[in-house]
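Only one structure is covered here, and it is reproduced in the block below.
The values are calculated or read from the model by the stated rules, or taken from the named source; none is laboratory data. As the structure is a prediction and not an experimental result, all values here were calculated from the model. Note: ideal-geometry Cβ built from the backbone for every residue, glycine included; neighbour counts use all protein chains shown.
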Ligand code: NAP
Ligand code: ZN
Ligand code: ZN
């Protein structure tokens, strides 16, 4: 076929790329190895970010280990990471919010259809268009084909509509986890109107749970933390809990029966929901943000006595993520982190699997260069 008659293919329309350094999992059990990945050259609406820090979410581990196979099977090699902060190194000529040198952040999504009812309401995470929501990793890369690669990398290119502004008042490494752990706990608390005078329970003191404690405290609620780890009791109080209950002690747990307006469950593994449902007041709501591998049984009696509600919540929209970041800057809220080198990621996953996290691992991307 001559050049003139050749059909223009998808591949021809693809933007040019540049190589980025990343760490990837080749399979559910391989652990992480360095990998060079392509990033698209910034288009007119795009922001190219040099990634400085990336948080390690338990979702990264669920995904890498293919524990969510029935809902979102993992495509390998997998480069996770959706708690991204860094500096803008290039802004396309139509970009309005950012210029070179600005701090910027990217969370769990990099695009959506932008036209459905939920996108127009600023709730892109609930995008109704099939294939509309593009997750930061393990999503469909509509520019380059294949799969999207996340923040365990030194660089990312994202449409400015999905890039957040970051304050320089907070520790930058402590800001990274706000992009998932922060918004995922902030959003349901705003939606269910957590406020002063309410009693709020937080279940599980990990990455999400510790942000939940901080937000519930900042919103003026009386906060009770439930933890399986006796060695986290003092930290729970320091982070803002008014009371801390070690949940293995059933008698201590039952002292709170029928007393909560709202409970946020941020547990990553199998556990008993019915005990916590019975702690709600009449018309109280328990919201699941934890996403364990296996379904959890619910007793109808735990719901119908007291007209309790059980709900779930996913991350949060872009508008609300910016609102949360601004709220954090105003109230001096950041994540309590343990900074690690990229090369320590396998060890961090092992610790995360044991609940041994205080309270978010954050990768220092400078380690990718050394
Ligand atoms: P994480 O840092 O590992 O924290 C999970 C905490 O759950 C642990 O620290 C532990 O707290 C508790 N826990 C663990 N195993 C348990 C067990 N068998 N029984 C009772 N408690 C247990 O995880 P994360 O990053 O905060 O994420 C938590 C969950 O939320 C994950 O499933 C993640 O995928 C999900 N997630 C959902 C969304 C969303 O949009 N809804 C967003 C991000 C993450 P204690 O030691 O205090 O008991
Ligand atoms: Zn996450
Ligand atoms: Zn949409």
### Query
Within the bounds of region 192-207, is there any residue that is surrounded by 24 or more Cβ atoms within 10 Å (Cβ to Cβ) and in a helix (DSSP H, G or I)?
yes
### Task
Return a yes/no flag: does region 312-321 have any residue that is under 17 Å from the mean Cα position of the chain (by Cα), closer than 25 Å to residue 279 by Cβ and free of Cβ contacts under 8 Å to residues at least 60 places away in the same chain.
yes
### Any chance residue 225 is part of a strand (DSSP E or B), under 26 Å from the mean Cα position of the chain (by Cα), touching a residue at least 40 places away in the same chain (Cβ under 8 Å) and surrounded by 14 or more Cβ atoms within 10 Å (Cβ to Cβ)
no
### Message
On the basis of being away from ligand 1 (no atom under 13 Å from the Cβ), surrounded by fewer than 16 Cβ atoms within 10 Å (Cβ to Cβ) and touching a residue at least 12 places away in the same chain (Cβ under 8 Å), does residue 258 make the cut?
### Response
yes
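Out of all the residues in region 292-304, which are under 13 Å from residue 70 (Cβ atoms) and either modelled with pLDDT of 95 or more or loosely packed, with under 11 Cβ neighbours inside 10 Å (or both)?
294, 295
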### Task
Kindly state which strands (runs of 3 or more DSSP E) lie completely within region 84-182 and contain at least 2 residues that are more than 16 Å from ligand 1 (Cβ to nearest atom).
84-91, 103-106, 155-159
### Task
Search region 88-119 for residues being within 16 Å of ligand 3 (Cβ to nearest atom) and out of contact with any strand residue (DSSP E or B) (no Cβ under 8 Å at 6 or more places or on another chain), and hand back the single one that is nearest to residue 131 (Cα to Cα).
113
### Message
Report every pair of residues separated by at least 6 positions or lying on different chains whose Cβ atoms are under 7 Å apart, first residue within region 230-250 and surrounded by fewer than 19 Cβ atoms within 10 Å (Cβ to Cβ), second assigned to a helix (DSSP H, G or I).
### Response
246/230; 246/233; 246/252
### Task
Select from region 26-38 the residues that are touching a residue at least 60 places away in the same chain (Cβ under 8 Å) and either within 21 Å of residue 180 (Cβ to Cβ) or not in a strand (DSSP E or B) (or both) and list them in ascending order.
31, 32, 37
### Task
Please state which of the following conditions residue 220 fails to meet, knowing it meets all the rest: (1) assigned to a helix (DSSP H, G or I); (2) surrounded by fewer than 24 Cβ atoms within 10 Å (Cβ to Cβ).
(1)
### Query
Got a number for residues in region 43-66 being over 22 Å from residue 179 (Cα atoms) and in contact (Cβ under 8 Å) with a residue 40 or more places away in the chain?
2
